[in-house]
Each structure stands twice: as C-alpha cells, then as structure tokens.
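Chemist: My questions will all concern the structure given below.
The values are calculated or read from the model by the stated rules, or taken from the named source; none is laboratory data. Everything quoted here is computed from the prediction, not taken from an experiment. Here Cβ is always computed from backbone atoms with ideal geometry, including for glycine, and neighbour counts include all displayed protein chains.
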Ligand code: 7RM
C-alpha cells in the first residue's frame, strides 16, 4: 500500500521509523509501483564518492507507472485540463487514456526519426499539453529529455543543446505569454546554427505565424503524428538509467546539467506529491509553474500522474488579461489545490483586492508555496484572501538537485507557521552546519543546511562533469549533501530557510548565477569588469544589482542601461536583466583579487551603516566612492 500519512502523530511515528531503518522505508515505498523486474539492491553508494544508486537492477518504464497502470481503473479520468494563454482560446481536457495514446503516438514518431534509448532530446516549447506529451514520449522510449524554459535566449538554448549533444529539438512556431509573442522557431533556428548534433526539428503549431523552414531538418508535429500508431511498447529501463537533464544555475561558470534517473525519481516525486498535498480522488490540482523548471517536472508532470491526479496546464500569466486571471481559473475549474511561487503572490498583492474578491474561491482546500522564502506579509495575504483563512499553506522547500520536496508541512496535518517550511519529510535527515564543518545540534540555532543521507530523488551527477557534482554538493561538508541554503531551526525544531549562502540569486523564484550575468555583461565593449549582487526587491524577492567598471563613461546613461539589458536578454534571457546598474571606478577586492560581495550586497541594499571590516581590501577607498555614487 502507498504510504498516505493522515495525522501528525502518524507523521511523527513514521519519521522515527524511517530514521531507524531508511532502506526498509524506501523499499516499502518503491514496492507500490509497477516494476517489470524487482531490484537487486535497494541502495548503494554515498556522498563521499557521489556514486549513489537506488533500486539497482530494477527494470521499469516510468510512463507505465504514470499512464498504463491507470488505464483499467481511471482511464476515463481527466489527467489534464489545458487553460490557454487567452481565456477565449480553445481549451481542452485530456483523459488518462487519451494522454496514453498521444504519448504512444509521439513515442512512435521519435523512434521513426531514429531516436534511441540514451539519446538526448531538447524540448523548447510553450506550456501546452504537447510539451508534456513530448517529455513523456522521450521517457517511454528511454531518450533523455532536456526541457529548456521557453524564456531563455538563443544563446542559452544553444549552450544547453551543445552541452548534452542533443540529437533532436522539439519546439513550437511561437508562443504567446500574456500580450507578448515569443518567436520560438526563429530563436531555435538561430541557436541551431551552432548545434551540429541536432539532425531533426519537430515543430508544433501554436501561433500560425510565418516561420523559416529547413527542408530535410524541420517537420510539423501534426504531420508526423497523423499516421503514427497509438500503440507502443515502452522500452525497458534500469532504475539507474537517465530520465532527464535539467540545467540550473550555480555559483560559478555555466549552468549545470542536473541528471535524474528513472527509479529513484519516480519513487520520490510520487511519495512527496501524495503526502505533501493530500490530493483526493475528485480534486483538481493546479501548479502554476512552467514545465521548464524542476517544479513543473516533478509536480505538474510526474508526481501528479503517478498518483492519478487531475492537473491543470496553464499557458498564461497571473496578470493577463488582468490581475484576476488565476482566481478566474480557480473558480472555473473548482480548483482544490493551488501551488505557486511567492513572487506571483507579491505581484498580485499590489493590485486591488477586488480582483480576488470577484471570484468564488470556496473550492480551495490546500495552498502551496515554492521557489523562495515566503515573507510574512505575502503569507498572510495568501492565507486570508486566497485561502479564506481555511486552507493550510504548504511551504515546500526543495531544489532542482533534490528532485522533490524535502522540508514541508503535510497539508492539514503538520501545524504551520508563516515563513517556515516546518519539518523534514520522513526519509529526509537535515543537518545544520557551522563554519568549521561541524554539525550544530539542538534547537534555536542557525547554520548551513545539509542533508545527512542519500534519498532516492537526489540528482546522480552533473551531465559530463562528475567532478563539478562532487565539488558543488559533496565537498563542503564531508559525508553530507550541501544545499547552498542558510537555515534556522527554531526553539520548536521547525525549519526556516533563510536564502542562499553562495553566489546564486533567486529572482522571482528563478535561480541565476552571479557569474553567469557578469560574463554576459562583460561581453559589452565598454565594460572592463562587472560584479553582480542581489538586493531585496518587493516583488521579485531579489533584484539584480550590477556594479560595473566602464572603459569610458557612457554619454547617455539610459541608452547605456538599455544596451546592457538587451545584451543580457540576448545572452541569457529577460529574467536576468539587472534592475539597477551603477558605474564605479573600482570594485572592492581582497589582496588575492576576490571581489568582496558582502560589501556590495550591503551597498545595494542601502544598508551603509555597517559595512564591516574593509581593512583587508586592496584599496579600501573604493568603498567610499561606491557609497557616494548612484545607481541608474
Ligand atoms: C524548487 C526550486 C532552489 C532554491 C533553494 C532555495 C530556494 C526553494 C524554497 C526556497 C525558501 C522555500 N528549485 N527555495 N523553495 N527557499 N523556502 N520553500 O525552486 O533549484 O530552482 O531553486 O530555491 O534557495 O536552494 S530551484
């Protein structure tokens, strides 16, 4: 039987049991799935060598667990409701049976194009059912999907395709998000100029705009599926075979291709979805994330499908056509579970309350939050005005690398506190560490958040760079997984994530590396050097502040700022544009040449009173100059 915790006492008991015998706990959970052959070994490897394996020797196909397994019981049930960008556009529902057929059809298409087990396929698409069908079809034939968020630039897309040598790209002619149009095919064409490994491009029609066409390479989705069979025998995978790569920003260099494997990811996303959200038979679950992020992978696609839930695929934005859109959709489909990011809540809080009050939100039972710390004001607004004071809020802490939720309340079960991710899920053992690498015991303490033991959902490597995987996650605290987050454990033992302690920004819930943005800006001919820091931003959580040294003072600051914006948009995407820029004569550097970001962060936050010790700087006077200067 699936573990389905129903009371706080049960949570506490199961947590204790899982600590006593972790392997038994996970083995029990894995036993609830359909395996073609059971595993030889529950778990091996560890953080020391980064050779973590779960359910090795087990044979399965993850789509048989997401789809085939449900056909006889809930084949007629709605798997997805598709809500398009414009409220008047064509909407549709897809049952489990239809989704199964669509996935089989497209799996046949992929195979007919020569895609084989282990090949990488890049997906760069609008948030439509076809994106999900494409991903599941890859999983069905054993190809590794790499979904790239459709807000990334041609250069970012090319970098991701090149890094994993993708053989195929699946995209749309274009997409509409709010009132913006994004020419996905044009962007893809530009990216593919530097991607010789891509032999085929499948284009799914969405906007019907004119696009260029490369005969022999490009083919329409609708033409390819027309004659494809709706039957397909899933390819047998080993539990440890790769399932997908998802690129995420780190504190240095280019984005990392985080790799997840079939068996462990399946067990972990399914278990966490079920117990955190407590979705029941007739419920309608809506996660507003884009499938281009890990939240979309784990809690739009995989977790809900394993559990036979009904989910919403939303193509639009919270403020289009107006700031009532999310609530209109909640009312229309009688959404029971609503999962979003604090940045969306903060953005909507700035509008008139009538946008919320206009709609009947009485169907809601559970609210979720993910991606960044939720500030108390946003928590209360969400609780009072969206949840009507009667819906538990699950503040779910996790990462691309963890595969699924790690620290979170169980909806309606764990007593919550605003701003707290509360308690670890059974099977997860957090540890707070001090600067000397020692674990901080007891309550009422702060430290760097680590995890003590491998869990099935942990990423297995960084694609093509296992050294970087070891260095980033396994080396700061020997024998532990390091999350990069700071954390408080309060007097009651409740966890509150305080934010990143490394050079990673969290802008509107999106992870951005400071180095990535700096490298982009440094491409400008007039820039000598750039230092990026985050600063508190009312809506985005963190804003991007760029300090830069110019060769010549720009004549027209506004035009210069626009040039920087255009450059960052071109190289990374619009989400990374600096909100503020300040031209400086020098940057605060240590004698070894390291930029002291701590000081820049304080200046950017307008917190000049206590800049700390500047005596170790090569030239302390640069700090006074920066404080005296002004941002544009
Ligand atoms: C799911 C996701 C991961 C980083 C993580 C944190 C921050 C995520 C919360 C949170 C406070 C939360 N994956 N973060 N959830 N901080 N409370 N509930 O966002 O890889 O894109 O980002 O996001 O800093 O390390 S992610």
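Chemist: May I ask you to verify whether residue 456 is more than 16 Å from the ligand (Cβ to nearest atom), in contact with a strand residue (DSSP E or B) (Cβ under 6 Å, 6 or more places away or on another chain) and either under 27 Å from residue 246 (Cβ atoms) or assigned to a loop (DSSP other than H, G, I, E, B) (or both)? Show your work before the answer.
Modeler: Details: more than 16 Å from the ligand (Cβ to nearest atom): yes; in contact with a strand residue (DSSP E or B) (Cβ under 6 Å, 6 or more places away or on another chain): yes; either under 27 Å from residue 246 (Cβ atoms) or assigned to a loop (DSSP other than H, G, I, E, B) (or both): yes.
Yes.
Chemist: Kindly evaluate residue 153 against the criterion of being surrounded by fewer than 24 Cβ atoms within 10 Å (Cβ to Cβ), in contact (Cβ under 8 Å) with a residue 40 or more places away in the chain and over 24 Å from residue 293 (Cβ atoms).
Modeler: Working: surrounded by fewer than 24 Cβ atoms within 10 Å (Cβ to Cβ): yes; in contact (Cβ under 8 Å) with a residue 40 or more places away in the chain: yes; over 24 Å from residue 293 (Cβ atoms): no.
So residue 153 fails the test.
Chemist: With the checklist (1) within 23 Å of the chain's Cα centre (by Cα); (2) under 18 Å from residue 509 (Cα atoms); (3) surrounded by fewer than 21 Cβ atoms within 10 Å (Cβ to Cβ) in hand, flag the one item residue 377 doesn't pass.
Modeler: Only one criterion is unmet by residue 377, namely (1).
Chemist: Do you know which residues across segment 393-416 are within 13 Å of the ligand (Cβ to nearest atom) and either surrounded by fewer than 19 Cβ atoms within 10 Å (Cβ to Cβ) or assigned to a loop (DSSP other than H, G, I, E, B) (or both)?
Modeler: 398, 399, 403, 404, 405, 406, 408, 409, 416
Chemist: Now for a separate question. With respect to residue 534, determine if the residue is touching a residue at least 40 places away in the same chain (Cβ under 8 Å), touching a helix residue (DSSP H, G or I) at 6+ places or on another chain (Cβ under 6 Å) and crowded, with 21+ Cβ neighbours inside 10 Å. So that I can check it myself, show each step before the final result.
Modeler: Details: touching a residue at least 40 places away in the same chain (Cβ under 8 Å): yes; touching a helix residue (DSSP H, G or I) at 6+ places or on another chain (Cβ under 6 Å): no; crowded, with 21+ Cβ neighbours inside 10 Å: yes.
Answer is no for this residue.
Chemist: Report, by residue number, each residue of segment 220-242 that is surrounded by 13 or more Cβ atoms within 10 Å (Cβ to Cβ) and free of Cβ contacts under 8 Å to residues at least 40 places away in the same chain.
Modeler: 220
Chemist: Moving on to the next point. Restrict the check to segment 468-476 and report whether at least one residue is part of a loop (DSSP other than H, G, I, E, B), out of contact with any helix residue (DSSP H, G or I) (no Cβ under 8 Å at 6 or more places or on another chain) and surrounded by 16 or more Cβ atoms within 10 Å (Cβ to Cβ).
Modeler: Looking only at segment 468-476, we keep the residues that are part of a loop (DSSP other than H, G, I, E, B), and these are 475-476.
Still in the list and also out of contact with any helix residue (DSSP H, G or I) (no Cβ under 8 Å at 6 or more places or on another chain): 475-476.
With the extra rule that they be surrounded by 16 or more Cβ atoms within 10 Å (Cβ to Cβ), the set shrinks to 476.
Checked against the condition, which is being part of a loop (DSSP other than H, G, I, E, B), out of contact with any helix residue (DSSP H, G or I) (no Cβ under 8 Å at 6 or more places or on another chain) and surrounded by 16 or more Cβ atoms within 10 Å (Cβ to Cβ), segment 468-476 yields at least one hit.
Chemist: Within segment 510-532, can one find any residue that is under 23 Å from residue 269 (Cβ atoms) and either within 11 Å of the ligand (Cβ to nearest atom) or at pLDDT 95 or above (or both)? Give the steps one after another, and end with the answer.
Modeler: The initial filter retains those residues of segment 510-532 that are under 23 Å from residue 269 (Cβ atoms), namely 510-511.
Pick out the ones that are also either within 11 Å of the ligand (Cβ to nearest atom) or at pLDDT 95 or above (or both) and you get 510-511.
Within segment 510-532 (the criterion being under 23 Å from residue 269 (Cβ atoms) and either within 11 Å of the ligand (Cβ to nearest atom) or at pLDDT 95 or above (or both)), the answer is yes, since at least one residue qualifies.
Chemist: In the set 39, 2, which member is under 21 Å from residue 140 (Cα atoms) and in contact (Cβ under 8 Å) with a residue 12 or more places away in the chain? Let's see the steps before the verdict.
Modeler: Values: 2 fails: under 21 Å from residue 140 (Cα atoms).
Only one candidate qualifies: 39.
Chemist: Looking at 588, 574, 578 in this structure, which one is surrounded by fewer than 16 Cβ atoms within 10 Å (Cβ to Cβ) and either more than 16 Å from the ligand (Cβ to nearest atom) or touching a residue at least 24 places away in the same chain (Cβ under 8 Å) (or both)? Let's see the steps before the verdict.
Modeler: Working: 588 fails: surrounded by fewer than 16 Cβ atoms within 10 Å (Cβ to Cβ); 578 fails: surrounded by fewer than 16 Cβ atoms within 10 Å (Cβ to Cβ).
On inspection, the qualifying residue turns out to be 574.
Chemist: Also, I was wondering about something else. In segment 376-392, what residues are assigned to a loop (DSSP other than H, G, I, E, B) and either near the ligand (Cβ under 8 Å from one of its atoms) or touching a helix residue (DSSP H, G or I) at 6+ places or on another chain (Cβ under 7 Å) (or both)? Steps first, answer last, please.
Modeler: Filtering segment 376-392 down to residues assigned to a loop (DSSP other than H, G, I, E, B) leaves 387-392.
Of everything in segment 376-392, just one residue is assigned to a loop (DSSP other than H, G, I, E, B) and either near the ligand (Cβ under 8 Å from one of its atoms) or touching a helix residue (DSSP H, G or I) at 6+ places or on another chain (Cβ under 7 Å) (or both), namely 389.
Chemist: Is it true that residue 427 is at pLDDT 95 or above, within 13 Å of the ligand (Cβ to nearest atom), within 26 Å of residue 263 (Cβ to Cβ) and in a loop (DSSP other than H, G, I, E, B)? Don't jump to the end; show me each part of the working.
Modeler: Numbers: at pLDDT 95 or above: yes; within 13 Å of the ligand (Cβ to nearest atom): no; within 26 Å of residue 263 (Cβ to Cβ): yes; in a loop (DSSP other than H, G, I, E, B): yes.
For residue 427, the condition - at pLDDT 95 or above, within 13 Å of the ligand (Cβ to nearest atom), within 26 Å of residue 263 (Cβ to Cβ) and in a loop (DSSP other than H, G, I, E, B) - is not met.
Chemist: Let me ask something additional. Consider residue 462 carefully, then state whether it is in contact (Cβ under 8 Å) with a residue 40 or more places away in the chain, buried (at least 21 other Cβ atoms within 10 Å of the Cβ) and either more than 30 Å from residue 407 (Cα to Cα) or within 13 Å of the ligand (Cβ to nearest atom) (or both). Outline the logic, then answer.
Modeler: Values: in contact (Cβ under 8 Å) with a residue 40 or more places away in the chain: yes; buried (at least 21 other Cβ atoms within 10 Å of the Cβ): yes; either more than 30 Å from residue 407 (Cα to Cα) or within 13 Å of the ligand (Cβ to nearest atom) (or both): no.
No; evaluated as a whole, the condition is false for this residue.
Chemist: So which residues in segment 19-43 are under 27 Å from the mean Cα position of the chain (by Cα) and part of a strand (DSSP E or B)?
Modeler: Matches in segment 19-43: 43 only.
Chemist: Please go through segment 74-99 and pick out each residue that is assigned to a helix (DSSP H, G or I) and either in contact with a strand residue (DSSP E or B) (Cβ under 7 Å, 6 or more places away or on another chain) or free of Cβ contacts under 8 Å to residues at least 60 places away in the same chain (or both).
Modeler: As a first pass, look at segment 74-99 and keep what is assigned to a helix (DSSP H, G or I): 74, 96-99.
96, 97, 98, 99, listed by residue number.
Chemist: Same structure again: What's the total number of residues in segment 489-509 that are over 19 Å from residue 448 (Cα atoms) and modelled with pLDDT under 90? Spell out how you get there, then give the answer.
Modeler: Quick first cut of segment 489-509, residues over 19 Å from residue 448 (Cα atoms) only: 507-509.
Now restrict to residues that are modelled with pLDDT under 90: 509.
Residues meeting the conditions: 1.
Chemist: Search segment 607-618 for residues that are in a loop (DSSP other than H, G, I, E, B) and pair each with any residue that is surrounded by 11 or more Cβ atoms within 10 Å (Cβ to Cβ) when their beta-carbon atoms are under 6 Å apart and the residues are at least 6 apart or on different chains.
Modeler: If the second residue must be surrounded by 11 or more Cβ atoms within 10 Å (Cβ to Cβ), the pairs left are 608/627; 611/599; 611/602; 614/620; 614/623; 616/590; 618/589.
One line per residue, one yes/no per condition, for (1) within 16 Å of the ligand (Cβ to nearest atom); (2) modelled with pLDDT of 95 or more; (3) out of contact with any strand residue (DSSP E or B) (no Cβ under 6 Å at 6 or more places or on another chain):
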site: 274; (1), (2), (3): no, yes, yes
site: 301; (1), (2), (3): yes, yes, yes
site: 309; (1), (2), (3): no, yes, no
site: 320; (1), (2), (3): no, yes, yes
site: 328; (1), (2), (3): no, yes, yes
site: 336; (1), (2), (3): no, yes, no
site: 357; (1), (2), (3): no, yes, yes
site: 368; (1), (2), (3): yes, yes, no
